[in-house]
1. Scan the range 121-145 for residues that are within 27 Å of Gly325 (Cα to Cα) and surrounded by 23 or more Cβ atoms within 10 Å (Cβ to Cβ) and jot them down.
2. Kindly check whether there is at least one residue in the range 60-83 that is within 16 Å of the ligand (Cβ to nearest atom) and surrounded by 20 or more Cβ atoms within 10 Å (Cβ to Cβ).
3. With the requirement that a residue be touching a residue at least 60 places away in the same chain (Cβ under 8 Å) and open to solvent by less than 20 Å² (accessible area, probe 1.4 Å), what does the range 166-194 give you?
4. All but one of (1) outside the structural domain of Val247 (by TED's automatic domain parsing); (2) modelled with pLDDT of 95 or more; (3) open to solvent by less than 30 Å² (accessible area, probe 1.4 Å) hold for Gly149; which doesn't?
5. Six or more apart or on different chains, Cβ under 7 Å: which pairs go from a residue in the range 264-278 that's more than 18 Å from Ile213 (Cβ to Cβ) to one that's open to solvent by less than 50 Å² (accessible area, probe 1.4 Å)? Could you list them?
6. Only one of these conditions is not met by Ser301: (1) in contact (Cβ under 8 Å) with a residue 24 or more places away in the chain; (2) among the polar types (S, T, N, Q); (3) surrounded by fewer than 15 Cβ atoms within 10 Å (Cβ to Cβ). Which number is it?
7. Would it be correct to say that Ala123 is assigned by TED's automatic domain parsing to the domain that holds Glu385, closer than 22 Å to Tyr388 by Cβ, within 16 Å of the ligand (Cβ to nearest atom) and of a type in the set (Gly, Ala, Ser)?
8. Are any residues in the range 247-263 surrounded by fewer than 16 Cβ atoms within 10 Å (Cβ to Cβ) and under 20 Å from Pro215 (Cβ atoms), and if so, which ones?
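The values are calculated or read from the model by the stated rules, or taken from the named source; none is laboratory data. All of these numbers come straight from a predicted model, not from anything done at the bench. Cβ atoms come from the backbone with ideal geometry, glycine included; neighbour counts cover every protein chain shown. Note: areas computed on protein heavy atoms with side chains; ligands, DNA, RNA excluded. Shrake-Rupley method; radii C 1.70, N 1.55, O 1.52, S 1.80 Å.
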Amino acid sequence: MIGFSNHPLFLFPFSFFLLNMKIGIVCYPTFGGSGVVATELGIGLAKRGHEVHFITYRRPARLSAFHENVFYHEVNGEDYPLFEYPPYDTALASKLVEVVKFEKLDLLHVHYAIPHAAVAYMAKKILLQDGRYVPVITTLHGTDITLVGTNPAFKPVVEFSINKSDGVTAVSDFLRDETLEKFNITTEIKVIYNFVDFDRFRKINKDHFKKAIAPNGERILTHTSNFRKVKRVEDVIRVFEKVHQHVPSKLMLIGDGPERRQMEDLCRQIGLCDEIRFLGKQDAVEELLAISDLFFIPSQSESFGLAALEAMACEVPVISSNAGGLPEVNIHGQTGFLSDVGDVEAMAQHAITILSDDHVLQTFRKNALEQAERFDIRHILPQYEAYYEEVLARAMWVED
Ligand code: GMT
């Protein structure tokens, strides 16, 4: 730690102490949870008057409309016959240097540590040569720590770049603890939970949808994910198979990914193709949650479970595994039920308990909404703003 007064360079962020900041957001632009959180955060910050610059290789999925104060900078790497894999990290670092310099950004907030934290550190060092200090905040989302980050192919760089970030946040207590346990972390990790925007996720009347999916008033059970192994979509189908024997019901599977083909085969094998709808990727997930009676998230590992929170905001109770941060979101016996990973029998019993009685279902719906309100974007977003200010203030005193 050194004081700025005796530092050889002028390490001031561009507009320190201004209420409105210029923030660079780096994320994966795809349908994954980290990209969703990053995009919604950026849009929310822009609505509060900050200037937000998204820097990534494709326009983020939830950034389709025009938003005042929001800018998008696409990273275009040069292709060259020598490259088997175009060097995205280098192209991103160069883009960060350019955008920070010319847009006069106050800070960079990178989502998902790999490779963003290391790339941002490199950009920061390059900018430092010009006497510009851009603090970097890294938000850890989940598999960057729990699955991918601990792989020896990445671990030293992930650990180094977390420790070199000016601020680090994790999306649950579980993820913070897991990071401290699995890595040699020398910096503080602040927990800022995932959030939900109630302007978008709320129970709205979509009776015509409901009739199309469940023409005879069947209960509607829902799962959304990227159909990766970690999501255990097979458990969803196995649970549904059992529930369907007791409760007239339909299952909506939303999303797409590597497991989808096998899941379609499974539905054919068990003869439930007419009861299970594969809806693929959907932009308006909230409209489908609005007609749902129960949500499944039986993941092997889940640092928070944003999909569960979005369901709860639409008054949908949750049947989940007890993995990772899910117990911080879904409260056993109140907003839904939690079971050990893979315990299909228990999950089915819990689902039947909720679905068999209208009064029970209504109580769980009400509790789910109340719990979701704790994670309202209006509570969480100011936590990010306060943290940005804290990091900016601290950045003046930190050497690198
Ligand atoms: O791994 C994924 O499923 C996607 C991943 C991501 O980073 O894109 O999602 C993670 O981040 C979300 C937003 O913070 C969390 O709500 C999810 O729980 C988390 N997924 C896992 O931990 C598996």
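1. Val136, Ile137, Thr138, Thr139, Leu140, His141, Gly142, Asp144, Ile145
2. Looking through the range 60-83, at least one residue is within 16 Å of the ligand (Cβ to nearest atom) and surrounded by 20 or more Cβ atoms within 10 Å (Cβ to Cβ).
3. Correct list: Asp166, Gly167, Thr169, Ala170, Val171, Ser172, Leu175, Ile192, Asn194.
4. Evaluating Gly149 over (1) outside the structural domain of Val247 (by TED's automatic domain parsing); (2) modelled with pLDDT of 95 or more; (3) open to solvent by less than 30 Å² (accessible area, probe 1.4 Å) leaves (2) as the failure.
5. Leu266/Ile237
6. Exception for Ser301: condition (3).
7. no
8. Of everything in the range 247-263, just one residue is surrounded by fewer than 16 Cβ atoms within 10 Å (Cβ to Cβ) and under 20 Å from Pro215 (Cβ atoms), namely Pro248.
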